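A quick write-up on the structure given underneath.
The values are calculated or read from the model by the stated rules, or taken from the named source; none is laboratory data. Being a predicted model, the structure only gives us computed values, none of them experimental. As a convention, Cβ positions derive from the backbone with ideal geometry for all residues, glycine included, and neighbour counts pool all protein chains shown.
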Amino acid sequence: MNAAEAWAFGGAGALWAGALAAALLGRARGWEEKATLALAAAGSACTLAGLGARGLAIQYWPLTDRYAFTQAFALATVLTALALDARDRHRVLRLGLGVALALWADAQWLLPLGLRRAALPVPALRHYWLPLHAGSAAVAYAGLTLGSLAAVWAARQGDGALQVLARRAIRWGYWWLSASIFLGAVWARQTWARFWGWDPKETWSLVTWLLYTAWFHALGLPAWQGRRQAVLLALGLAALGFTFFGLEWLARQVGLFSLHLF
Amino acid sequence: MKATSPSSPQGARAGLEAVARGAWRVLSAESLSLWLLLALAFLSALGTLVPQWPPSAALAGEGAAEWAAALEARYGPRLASFLHALGLLDLYGTPLFRAVLVALVANGLACTLARWRTQWRILRARPRPAPPPDPFPPGVRVARVALSGGAAAGEAAVRAACRCVGLRPRVERLGEAGAFVAERGRWTASGTLLGHLGLVLVAVGLALGLAWGERARTPPLAGGQEYALPWAPDVALRVQEFRIERYPDGHARAYLLQVAVTHGGTEAVREVRLGAPATLPGGNLAFLYGYGPAVRLDVRGVDGTPLLSSVSQPLAPSASLALPDGTSLVVERASGLPGQVHVQRWRDGALEAEGTGPAGEPLALGDLEVRATLDWYVVLDVSQDPGFPWVVAGVLVALAGAGVALGGRWRQVRGFWREGELVLWTREAGSGSLGARAWERLVREATLACGGPPGEEEPGP
């Protein structure tokens, strides 16, 4: 990681932490509101700059490794929260900033050093499908994580307005997850002459998609209102988390091979 | 009413129809979709907990024994055979998994067909302004606003209120009374249907590919070697040149292969890259699957007479080549000597001569001079997939449908006025609802425009 990346990503973490502090401590309509928005936007700009610097360093799209993807996931979470939060007194933005900071901490501190270095992709991955597939996955993860957490929060508090925002975020994330899976399948066909290979990562993406699809179907069924829907959402979020964090561990435990593990 | 006995032909027919109707109701039920989705999610997840039979080994028929041995070494022979007996090592190929998949596709198709007519009616039928129903059905939000003035005042109020929420009313005057409908995005109600239709198209494309598609993997092909497609022998590939582009630090940047494609007496050169297959005649495609070292041989007699020129053989791990004089050459990389080759000449199973030297340099081997230049071999996947256009079309339709269903919203409000009163109503929630905030704005604006005291809002019955 070069100095520009280190400063940009480090700055993003500090700015997002400041934004979260302002949102938690401040009043809903005071100067803190403006500070929250300004700091969140500045942190996002820093992450974007860091990803740009990383791309320049390897002369390629930056979403080629786990570190860059995690940062992009965090960025997409804050941007989604900013877009949703316009009329919601910062509850969604607080949630988004919290998720983004957790992801940021994972990338900066928990990820092994070898996985933090920018590396050129192998020739099989050098394709314009890569930024489309990985970029849409980052947006999808952001929407689904934010939406699911907000939905669970709204269900606990019985908050209808927050529920509406949560569903909007889940719909947004679901569309991008569908796009990401479809784009990945077409890319796989162009590279390996097959749409689907039951690779563990792609299988868990499918599991996540199936669970959220089940949730969409449950919305219209009287027998599946309330707690059952919340359970489906929790399962979907768990599957998403497992796809992103748990699969590497599982692959090591049972000796699985995956094209998606770096 | 005419009674039919169950044993009569009419009774049997009626019973069959009832069974068919029931089956259709079950097959097109949304709850069945939900359970099938959950079952598929569970089975898919289960398949990732144990190593699955690698498709490449199954396709090429190689590495199967190696894979089984590695599995036994990891899990022990007893657990490995138990997993095998349960079908967990090829879970995605088991009848149970396929049955769930087929049931889900059938359910998707049935849901699409069952809802098509209703959706089509919603799309086609332009709602007409009408007096309010009495009583209002459940799930409807109603507001009554006091109207001071006649029919013209009512219409003006309606137009002002609708403008305020971005809708244009369609008004019909009924004498001194009037009614209106204002709506936007009715077509978005068809998004879900379109999404399902796209998924059905994807399934059809995949089924076409499975039923009528062709796929094969070539043996290792070195420069100059030919391969004819098994299902279209008039289409043949000849490997011309394979090269690896590298970064300054030596890492591979791209793999490039040139093949000459012959078909119907004509020859054309095509390029195959990893991730960019070459299009062959007849809708066939050639994908670069793998590569490895090969050797190109030039063999001459001691007097310089060429015996064999530029014959390439894969070094996997050695290459063997028959010569016109009945002897054969076996070539391999010299062990522990980078860039050098070891060549043996055999006659009737007995070693006649051998030598080691730098690749590309002439090597004397009895009465022969052998020049062995290191080269590459490639392995290609060739395929024909008649379902691909269906899959791509299905993906686009599904994404468009999902975008419409998830992004847009059908909003509708209706109203009726007569002397002294304006009644507005919309659905409480879901498709066709105006939305809580817009509804509040509409009622406020209508109240102001009517010029009367604030009206009362009724919750839905």
Number of the exception - B:Gly394 against (1) among the small types (Gly, Ala, Ser); (2) surrounded by 16 or more Cβ atoms within 10 Å (Cβ to Cβ); (3) at pLDDT below 90:
(3)
Need pairs with beta-carbon distance below 9 Å; first residue at the interface with chain A (Cβ under 9 Å from one of its Cβ atoms) and within segment B:24-46, second assigned to a loop (DSSP other than H, G, I, E, B); sequence gap 6+ or separate chains.
B:Glu30/A:Gly220; B:Glu30/A:Leu221; B:Ser31/A:Leu221; B:Leu34/A:Leu221; B:Ser44/A:Trp198
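Taking the stated definitions as given, is B:Gly282 more than 14 Å from chain A (Cβ to nearest Cβ), surrounded by fewer than 21 Cβ atoms within 10 Å (Cβ to Cβ) and within 26 Å of the chain's Cα centre (by Cα)?
On the way: more than 14 Å from chain A (Cβ to nearest Cβ): yes; surrounded by fewer than 21 Cβ atoms within 10 Å (Cβ to Cβ): yes; within 26 Å of the chain's Cα centre (by Cα): yes.
For B:Gly282, the condition - more than 14 Å from chain A (Cβ to nearest Cβ), surrounded by fewer than 21 Cβ atoms within 10 Å (Cβ to Cβ) and within 26 Å of the chain's Cα centre (by Cα) - is met.
Looking for something closer than 17 Å to B:Ser383 by Cα, free of Cβ contacts under 8 Å to residues at least 40 places away in the same chain, within 14 Å of another protein chain (Cβ to nearest Cβ) and part of a strand (DSSP E or B) - is there at least one such residue anywhere in segment B:242-253?
Step one: of segment B:242-253, the residues closer than 17 Å to B:Ser383 by Cα are none.
Within segment B:242-253, none of the residues are closer than 17 Å to B:Ser383 by Cα, free of Cβ contacts under 8 Å to residues at least 40 places away in the same chain, within 14 Å of another protein chain (Cβ to nearest Cβ) and part of a strand (DSSP E or B).
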Go through the residues of segment B:185-192 one by one and say whether even a single one is buried (at least 21 other Cβ atoms within 10 Å of the Cβ), more than 20 Å from B:Leu399 (Cβ to Cβ) and in contact (Cβ under 8 Å) with a residue 12 or more places away in the chain.
no
Go through (1) at pLDDT 95 or above; (2) crowded, with 24+ Cβ neighbours inside 10 Å; (3) over 30 Å from B:Tyr247 (Cβ atoms) for A:Ala23 and report which single condition fails.
(1)
Counting only residues in segment B:261-279 that are surrounded by fewer than 16 Cβ atoms within 10 Å (Cβ to Cβ) and in a strand (DSSP E or B), the one nearest to the chain's Cα centre (by Cα) is identified as B:Ala276
Regarding segment B:287-300, can at least one residue be identified that is over 25 Å from B:Ala236 (Cβ atoms) and assigned to a loop (DSSP other than H, G, I, E, B)?
no
For a quick check of your reading of the model, give me the residue pairs whose first member lies in segment A:220-244 and is under 18 Å from A:Asp159 (Cα atoms), whose second is of a type outside the set (Ser, Thr, Tyr) and modelled with pLDDT under 85, with beta-carbon atoms closer than 6 Å and at least 6 apart or on different chains.
A:Ala230/A:Ala155
Considering only segment B:150-164, I want to know if a residue exists there that is within 22 Å of B:Ala429 (Cα to Cα) and of a type in the set (D, E, K, R).
yes
For B:Thr305, only one of the following conditions fails: (1) surrounded by fewer than 12 Cβ atoms within 10 Å (Cβ to Cβ); (2) touching a Ser or Thr at 6+ places or on another chain (Cβ under 6 Å). What is its number?
(2)
Filter segment A:187-211 down to residues that are facing chain B (nearest Cβ under 7 Å), aliphatic (A, V, I, L, M) and part of a helix (DSSP H, G or I), then give me how many there are.
4
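Which one of A:Ala140, A:Ala150, A:Ala155, A:Ala102 is surrounded by fewer than 23 Cβ atoms within 10 Å (Cβ to Cβ) and touching a residue at least 40 places away in the same chain (Cβ under 8 Å)?
Values: A:Ala140 fails: surrounded by fewer than 23 Cβ atoms within 10 Å (Cβ to Cβ); A:Ala150 fails: surrounded by fewer than 23 Cβ atoms within 10 Å (Cβ to Cβ); A:Ala102 fails: touching a residue at least 40 places away in the same chain (Cβ under 8 Å).
Exactly one of A:Ala140, A:Ala150, A:Ala155, A:Ala102 is surrounded by fewer than 23 Cβ atoms within 10 Å (Cβ to Cβ) and touching a residue at least 40 places away in the same chain (Cβ under 8 Å), namely A:Ala155.
Would you mind stating whether B:Val259 is away from chain A (no Cβ under 14 Å), in contact with a Gly (Cβ under 7 Å, 6 or more places away or on another chain) and touching a residue at least 12 places away in the same chain (Cβ under 8 Å)?
Details: away from chain A (no Cβ under 14 Å): yes; in contact with a Gly (Cβ under 7 Å, 6 or more places away or on another chain): no; touching a residue at least 12 places away in the same chain (Cβ under 8 Å): yes.
Judged against the criteria, B:Val259 is not a match.
Given the criteria over 30 Å from A:Ala230 (Cβ atoms), within 13 Å of chain B (Cβ to nearest Cβ) and modelled with pLDDT under 85, does A:His133 qualify?
Details: over 30 Å from A:Ala230 (Cβ atoms): yes; within 13 Å of chain B (Cβ to nearest Cβ): yes; modelled with pLDDT under 85: no.
Here the answer is no, as A:His133 does not meet what is asked.
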State the number of residues belonging to segment A:51-91 that are among the aromatic types (Phe, Trp, Tyr) and under 15 Å from A:Ala142 (Cα atoms).
2
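Being surrounded by fewer than 22 Cβ atoms within 10 Å (Cβ to Cβ) and more than 7 Å from chain B (Cβ to nearest Cβ) is the requirement here; does A:Arg227 meet it? Quick ask: steps written out before the conclusion?
Details: surrounded by fewer than 22 Cβ atoms within 10 Å (Cβ to Cβ): yes; more than 7 Å from chain B (Cβ to nearest Cβ): yes.
When the stated conditions are applied, A:Arg227 passes them.
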Scan segment B:227-241 for residues that are over 16 Å from B:Trp376 (Cβ atoms), touching a residue at least 40 places away in the same chain (Cβ under 8 Å) and assigned to a strand (DSSP E or B) and report the count.
3
